[in-house]
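Notes follow once the structure below has been shown.
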Amino acid sequence: MTDEIRVRRIADGDWDGIVALESRAYEPLGLSEGRAALKSRMRASPETCFALDLERRLAGYLLALPYPESAYPELRGTERTMTLRSRNLHLHDIVVAEHLRHRGLARHLLGHLTATARAHGYEQISLVAVGGSETFWAGRGFTARRGGPPPAGYGPTAVYMSKAVPVGVPAPEETEMWAEAGAPRA
C-alpha cells in the first residue's frame, strides 16, 4: 500500500465522521451507541483512542479505555469523567470504513494500540466480540472467558475476550495478524 496512513489522536472535528462510521458498522446489529457515549469513552482515556487517516481523510477509529478485568462499558451508557485505573485496557470499538477494509488499515490501529498499551504499563487488552466475531479475535490471540451469561447489552452472541500485552517489540507476523480486523465491535 503506497497511500499515506497516519494514526493520531481524535480531534473535535472527527466526530461527525466517527459517528457515521460507527452507525454504519453497528446499526445493523442493533449495537449503535450514539455520539454522547462514543465521546465519553474518548474523554475517559484520550491517550488510548485514535483516528486513522488515509490520504488525510478519516478512514477509521479505535476507542480503548482502562477497565477492570472482566468488566466492560455499558453499551450506550456514558463514562464518568474521572480517570479509571486498571492494568487492563479495554478495546471497546474499532471500525475501518467499509470500502477500505481488507487493506491492512486495522493493523495500523491495533499495532498502535498495542504499543501504547505496552508504553503505559497495561498488562492485558480485553474486548467484547459481537456479531459472531469470536473466531476472528481468537485467531488473533484473544481468549474467551467461559461461563456466565454473555456481556449484558451486547447481543446474545457477545463474548468477553482478553489477551496479554506482548512484552518487547511485536514480531512482524503479529502485526500482520491484525490486517483483517475491520469492523467487529471490540
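The values are calculated or read from the model by the stated rules, or taken from the named source; none is laboratory data. Everything numeric here is computed off the predicted structure, so don't read it as measured data. Cβ atoms come from the backbone with ideal geometry, glycine included; neighbour counts cover every protein chain shown. Accessible surface areas use protein heavy atoms only, side chains included; no ligands, DNA or RNA. Shrake-Rupley method; radii C 1.70, N 1.55, O 1.52, S 1.80 Å.
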Compute the Rg/Rh shape ratio of region 52-91: radius of gyration over Kirkwood radius, all on alpha-carbon atoms.
1.10
Quick one: with all protein chains in place, what share of the accessible area of region 117-160 is carbon or sulfur, to the nearest percent (1.4 Å probe)?
57 percent
What figure in square angstrom, to the nearest 10, would you give for the accessible area of residue 74 with a 1.4 Å probe?
130 Å²
Which FRET efficiency value, to the nearest 0.05, is calculated for residue 71 and residue 102 with the Förster distance at 30 angstrom and r the Cβ-Cβ distance?
0.40
Relative contact order of the chain, defined on C-alpha pairs under 8 angstrom at six or more residues apart (%)
22 percent
Give, rounded to the nearest 20 debye, the magnitude of the charge dipole that region 1-53 has about its Cα centre when Lys and Arg contribute +1 at Cβ and Asp and Glu contribute -1 at Cβ.
220 debye
Nearest 500 deg cm²/dmol is fine: what mean residue ellipticity at 222 nm does the chain get from its DSSP H runs of n ≥ 4 alone, each adding -39,500 (n - 2.57), divided by its residue count?
-7500 deg cm²/dmol
Quick calc, region 41-152, dipole around Cα centre from Cβ unit charges on Lys, Arg (+) and Asp, Glu (-), nearest 20 debye, gives 80 debye
Would you mind putting 8-20, 43-55 in packing order, based on average other-beta-carbon counts within 10 Å, highest first?
43-55, 8-20
Mind jotting down the distance between the C-alpha centroids of region 129-168 and region 27-87, whole Å?
17 Å
With the other protein chains left in place, how much accessible area per residue, in square angstrom, belongs to the chain at a 1.4 angstrom probe?
47 Å²
